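Read through the structure below, which is laid out as structure tokens, and then see the notes.
The values are calculated or read from the model by the stated rules, or taken from the named source; none is laboratory data. Quick caveat: nothing in here was measured; it's all calculated off a predicted structure. Cβ coordinates were reconstructed from backbone atoms using ideal geometry, including for glycine residues, and neighbour counts include every protein chain displayed. All accessible areas refer to the heavy atoms of the entire protein, side chains included, with ligands and DNA or RNA removed. Shrake-Rupley method; radii C 1.70, N 1.55, O 1.52, S 1.80 Å.
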Amino acid sequence: MVPRRPYTDDDRSMTQTAVKVRGLAKRYGDVRAVGGIDLDIRQGEVFAILGPNGAGKSTTVEILEGYRTRDAGEVSVLGTDPGRPTRAWRARLGIVLQTANDAAELTVRETVRHFATYYPDPRDPDEVIARVGLEEKAGSRIRQLSGGQRRRVDVALGIIGRPELIFLDEPTTGFDPEARRRFWELIDSLAHDGTTILLTTHYLDEAEALADRVAVIARGRIAAEGEPATLGGRAAAKATVAWAEDGVRRTVKTDEPTRTVAELSRRFDGEIPELTVTRPTLEDIYLDLVQGATHE
Amino acid sequence: MSESTTAAVTADTARRGGGELPSALRIGWARAVVETKMFFREKDSAIFIFAFPIIMLIIFGTIFSGQFEGTGVTVSQVYVAGLLGAGVMTAFQSLAIGIAVDREDGTLKRLAGTPLPRSSYFIGKAAQVLLSSAIQAVLLLAIGFAFYDLPVPADAGRWMTFAWVALLGINGSALLGVAASSLPRSGRSAAAVVTMPFVVLQFISGVYIPISTLPEWLVRIASFFPLKWMCQGFRSVFLGDAGLSLEVAKSYELDRVALVLGAWVLGGLVLCLTTFRWKSRRDG
Ligand SMILES: Nc1ncnc2c1ncn2[C@@H]1O[C@H](COP(=O)(O)OP(=O)(O)OP(=O)(O)O)[C@@H](O)[C@H]1O
Ligand SMILES: [Mg+2]
């Protein structure tokens, strides 16, 4: 993958905000789906929304896409209120919805070419098909594709219009590991190209690999937000040093794992049996956050 | 990702920003092409739609092979005219079911997320039903002319009548179909919800049973809908004066045909504009 230049404070003051949300709220009858969310996504940023089933991810994203109405809050997407969409605004967006079963009787190539006609300056359909890895299936009817292949058609239709901002709602559900890697590379190349990307996912490794910043949503609220490496105090969290001694597994939580290991090394005079040093994974942090939110 | 891809991507960026939005008509044409492709690729349903009126004509033409007494008009001639009306009105059925399915399977939702003008979607649908109604009409007329002694109208005036009845009829039926597509609760129930009233309407509008043999109150109900008037208009074209005595009013009432069909076009438009939903009931 091509390394992306990290954002600096300089960029922040200069680049525009692609998505700005203040106090967003949405109810369905008695269900509070979104209960006051603030978001700022900078242009060119890859932003991931994590959260358990029913947390309000799709609701939030579909409000930003102009599909759903909101009950309260201010929303600006590429400078436009999604509640009042225009064609020119839609031409700057790419949308990959969580579910779709349409156009089953067309071939992949026909579908991608057809959607290209909607946009003022589309990408080359064959190039897009190649980028999502469907060259071999280009002539197949969509009905005959596997679930993961169908999903790649959705991604292709999301990027065909050369969008400035792409929404992807659980884009890699059903992808095999290789397809997922290819998708990550695709997202990386789009980001490199300056495209702003907002994606939701249940895969923490995906968020960690792709996102500049992540937000964890639980029960319609943001439980934590930040860079994957520092989310929820992850970087500052104590490390766990574990080893075997007298046939028992011993662990120590410490801020200074190096010193602990050095001490152990002196004590054992060489190799420390079954030594591991771990920090909480994003998944540990995530589960803590989500559990905290549900028990509040 | 490889260096070459990166270069391609950067070249991509350079081209960004330019370009006008394509016109609604151009996208509408592109929609018409894919709608038609999808229609013909659903082979079983396409074959059914085209074969149905022909099979009906053959069955009824075989069962009732006589003439109406003292008119010189054969029963099958009346059926050709009636089935033409029903054929035009399948635009209603196709759209009511087709759009309900589009709403269910996410087609409408996906389209609503693109810069596609909404009118382009309807242009595509209209072109597709226009084509399939035209094919049905040509098939029925060809069979009628060839096998059922349907007289080919000689004067241009009759063909003019045929043209405006067909045009108003298909527009009214199509708009009514668009409006009716919001009624079924789901795409799966659409075929049942739409087909039943359509079949009933065909029976009370004189497609399968001569209208003069129906009780008056049924005819009165049928008079609210476009099908009765389309069939009447087509009978005027193909049966002419010989068939006048078979009409309830002893006249083809072409002025009323125009009036009712015209009203349906306008009313259907209003219904569409006020009831059409891009979302399914599940979307918030
Ligand atoms: N159209 C709707 N009508 C009623 N309730 C809804 C509707 N859409 C969503 N909800 C409810 O709102 C809440 C949030 O749903 P949402 O789809 O936004 O969750 P999500 O975070 O995307 O979940 P998942 O990970 O399963 O996709 C859920 O409790 C859901 O049941
Ligand atoms: Mg969701």
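Could you name every residue in the stretch B:104-153 that has 40 Å² or more less accessible surface in the full protein assembly than in its own chain alone (probe 1.4 Å, ligands and nucleic acids excluded)?
Relative to the lone chain, where solvent access is computed with a 1.4 Å probe, the stretch B:104-153 loses at least 40 Å² at B:Asp105, B:Lys109, B:Arg110, B:Gly113, B:Thr114, B:Pro115.
Can you give me the long-range amide H partners of A:Ala218? Hydrogens built in the peptide plane at 1.01 Å from N, cutoff under 5 Å, separation of 5 or more residues or another chain.
Excluding prolines and chain starts, which carry no amide H, the hits are A:Ala223.
Checking a compactness column here: for the protein assembly as shown, what do you get for Rg(Cα) / (2.2 N^0.38 Å), N being the number of residues? Intermediate results must be reported in sequence, preceding the final value.
Numbers: Rg = 31.9 Å, N = 580, 2.2 N^0.38 = 24.7 Å.
Here the Cα radius of gyration is 1.29 times the empirical estimate.
Specify the angular offset, from 0 to 90 degrees and rounded to the nearest 10, of the alpha carbon long axis of helix A:147-159 from the longest principal axis of the alpha carbons in chain A.
Helix A:147-159 sits roughly 70 degrees off the main axis of chain A.
Semi-axes of the stretch B:114-206's equivalent ellipsoid from the Cα gyration tensor, sqrt of 5 times each eigenvalue, largest first, rounded to whole Å?
Working: eigenvalues 179, 73, 29 Å².
For the stretch B:114-206, the ellipsoid semi-axes come out as 30, 19, 12 Å.
Based on the Cβ-Cβ distance of A:Asp40 and A:Asp269, what FRET efficiency does E = 1/(1 + (r/R0)^6) give at R0 = 60 Å, to the nearest 0.05? Could the numbers behind the result be given before it?
Working: r = 54 Å, r/R0 = 0.90.
Efficiency computed from Cβ-Cβ geometry: 0.65.
For chain B, list log₁₀ I(q)/I(0) at each q in 0.08 Å⁻¹, using the Debye formula over Cα point scatterers of equal strength and ignoring solvent, two decimals each.
Per q value, in the given order, log10 I(q)/I(0) is -0.40.
Tell me the mean residue ellipticity at 222 nm calculated for the protein assembly as shown from its helices only (DSSP H runs of n ≥ 4, each -39500 (n - 2.57), averaged over every residue, nearest 500).
On the way: 21 runs with 299 residues, N = 580.
So the helix-based figure for the protein assembly as shown works out to -16500 deg cm²/dmol.
Just to be sure I understand the model, the point goes 7 Å from the Cα along the line to the Cβ. What's the resulting A:Asp246 to A:Glu74 distance in nm?
6.5 nm
What spacing in nm lies between the two simple spin-label points modelled at A:Gln98 and A:Ala130, each 7 Å away from Cα in the Cβ direction?
Output for this residue pair reads 3.5 nm.
May I ask you to give the percent of accessible area on the stretch B:143-252 that is carbon plus sulfur, with a probe radius of 1.4 Å?
Details: 3530 of 5000 Å².
The nonpolar share, carbon plus sulfur, comes to 71 percent.
Sorted by mean Cβ packing within 10 Å, highest first, what order do the peptides A:268-280, B:236-248, B:176-188 take? Let's see the in-between values first.
Values: A:268-280: 12.1, B:236-248: 17.9, B:176-188: 20.0.
Highest-to-lowest ranking by the protection proxy: B:176-188, B:236-248, A:268-280.
What is the antiparallel percent of DSSP beta bridges lying wholly in the protein assembly as shown, to the nearest 5?
Numbers: 32 of 49 bridges.
Close to 65 percent.
Just the accessible area per residue of the stretch B:161-284, please: how many Å² with a 1.4 Å probe?
Values: 5730 Å² over 124 residues.
I get 46 Å² per residue for this part.
Give the average, rounded to an integer, of partner chain Cβ atoms located within 10 angstrom of each Cβ in A:118-128. Could you put the intermediate results ahead of the total?
Working: counts 12, 7, 7, 8, 2, 3, 2, 0, 0, 3, 0.
The mean count of partner-chain Cβ atoms within 10 Å per residue comes to 4.
Taking the Cα atoms only, what angle lies between the long axis of helix B:254-275 and the longest principal axis of chain B, rounded to 10 degrees?
Roughly 30 degrees, rounded to the nearest 10.
Taking amide hydrogens as modeled 1.01 Å from N in the peptide plane, which residues meet the under 5 Å criterion relative to A:Arg68, leaving out close sequence neighbours?
Answer set, sorted by chain and number: A:Ile63.
Round to a whole angstrom and tell me the spacing of the C-alpha centers of the stretch A:227-285 and the stretch B:212-232.
If we compute the Cα centre of each part, the gap is 86 Å.
With a Cα-only, solvent-free Debye model of the stretch A:1-153, what are the log10 I(q)/I(0) values at q = 0.12, 0.17, 0.20 Å⁻¹?
Evaluating at q = 0.12, 0.17, 0.20 Å⁻¹ gives log10 I(q)/I(0) of -0.70, -1.18, -1.27.
Per residue of the stretch B:213-221, what does 6.51 cos²θ - 1.76 cosθ + 1.60 with θ = phi - 60° give for ³J(HN,Hα)? Whole Hz please, x for Gly and Pro, Karplus curve as stated.
With coefficients 6.51, -1.76 and 1.60, one gets 8, 7, x, 4, 5, 5, 4, 5, 5 Hz.
Could you check how much of the accessible area of the stretch A:239-278 is carbon and sulfur, as a whole percent, using a 1.4 Å probe?
On the way: 1320 of 2830 Å².
Within the stretch A:239-278, the accessible surface is 47 percent carbon and sulfur.
For the stretch A:239-278, count the residues as N, evaluate 2.2 N^0.38 Å, and divide the Cα radius of gyration by that value, please. Mind dumping the intermediate values first?
On the way: Rg = 9.3 Å, N = 40, 2.2 N^0.38 = 8.9 Å.
Normalised Rg, Cα atoms only: 1.04.
Take every Cα pair under 8 Å in the stretch A:239-278 that's 6+ residues apart, average their separations, divide by the length, and report that relative contact order as a whole percent. Walk me through the numbers before you get to the answer.
On the way: 53 pairs, mean separation 21.2, N = 40.
In percent, rounded to a whole number, it is 53.
Per residue, how many Å² of accessible area does the stretch A:102-163 show with a 1.4 Å probe? Show your work: numbers first, answer last.
Working: 2000 Å² over 62 residues.
Accessible surface, normalised per residue, equals 32 Å².
Taking θ as phi - 60°, what are the ³J(HN,Hα) couplings along the stretch A:138-146 by the Karplus curve (6.51, -1.76, 1.60), each to the nearest whole Hz, with x for Gly and Pro?
Along the stretch A:138-146, the couplings run 4, x, 8, 5, 4, 4, 8, 7, 6 Hz.
Just to check, using Stokes-Einstein with a Kirkwood Rh over alpha carbon pairs, what's the diffusion coefficient of the stretch B:156-284 at 25 °C and 0.890 mPa s in µm²/s? Intermediate results must be reported in sequence, preceding the final value.
Details: Rh = 15.9 Å.
Roughly 155 µm²/s, to the nearest whole number.
Can you list the aspartates and glutamates whose alpha carbon sits under 15 Å from that of A:Lys137, skipping same-chain ones fewer than 8 residues off?
Straight-distance partners of A:Lys137: A:Glu105, A:Glu110, A:Asp126, A:Glu127, A:Asp154.
How big, in percent, is the set of alpha carbon pairs in the stretch B:121-172 lying more than 16 Å apart?
On the way: 703 of 1326 pairs.
Result for the distance tail: 53 percent.
Could you give each residue of the stretch B:201-209 its phi-based ³J(HN,Hα) in whole Hz, using Karplus coefficients 6.51, -1.76, 1.60 with θ = phi - 60°, and x for Gly or Pro?
4, 4, 5, 8, 9, x, 6, 9, 10
Could you look at the stretch A:30-172 and say what percent of its accessible area is carbon and sulfur, using a 1.4 Å probe and all protein chains?
The value for the stretch A:30-172 is 43 percent carbon and sulfur by accessible area.
For the Cα atoms of chain B, what angle does the longest principal axis make with the long axis of helix B:226-238, in degrees from 0 to 90, nearest 10?
Relative to chain B, helix B:226-238 is tipped by roughly 60 degrees.
Taking the square root of 5 times each eigenvalue of the Cα gyration tensor, what semi-axes in Å does the equivalent ellipsoid of the stretch B:78-162 have, largest first?
Equivalent-ellipsoid dimensions as semi-axes: 35, 14, 9 Å.
Between chains A and B, what is the buried accessible area summed over both chains (1.4 Å probe, protein heavy atoms, nearest 100 Å²)?
Values: alone 15260 and 15040 Å², together 26500 Å².
Approximately 3800 Å², summed over both chains.
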